[in-house]
């Protein structure tokens, strides 16, 4: 009986924040294989969405070396720059990031459009 209560309690906590549940569901729509992108000495994983024109970006781990940015960037700025670099590496020099939003902790989603 205690196990059933515990499972129910955990499920209620997870469903309590609908937005977080929707964000987890959104994260599961991305390809599971990431491409590693290095930006100014820091490493990030970039995941391409299976059907949409969007990317999911997250830092790999904290770098022991200080970043080489002249002016330290906020996390969302680093992740946006990483998404741009990924698109450029994939031949999408005519692509622009149109919007971005946090999905979970340090995981961001960026939408892009390419001129064609």
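The values are calculated or read from the model by the stated rules, or taken from the named source; none is laboratory data. Worth saying up front: this structure is predicted, and the values here are computed from it rather than measured. No Cβ is skipped: glycine too gets one built from the backbone with ideal geometry, and neighbour counts run over all protein chains shown.
Summary of values
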{"read-out": "In region 78-116, the residues that are under 13 Å from the mean Cα position of the chain (by Cα), in a strand (DSSP E or B) and over 16 Å from residue 60 (Cβ atoms)", "value": "99, 100, 101, 102, 103, 109, 110, 111"}
{"read-out": "Top-ranked residue in region 69-94 [being within 17 Å of residue 49 (Cβ to Cβ) and modelled with pLDDT under 90; ranked as surrounded by the most Cβ atoms within 10 Å (Cβ to Cβ)]", "value": "92"}
{"read-out": "Residues within region 43-58 that are assigned to a strand (DSSP E or B) and over 11 Å from the mean Cα position of the chain (by Cα), tallied", "value": "1"}
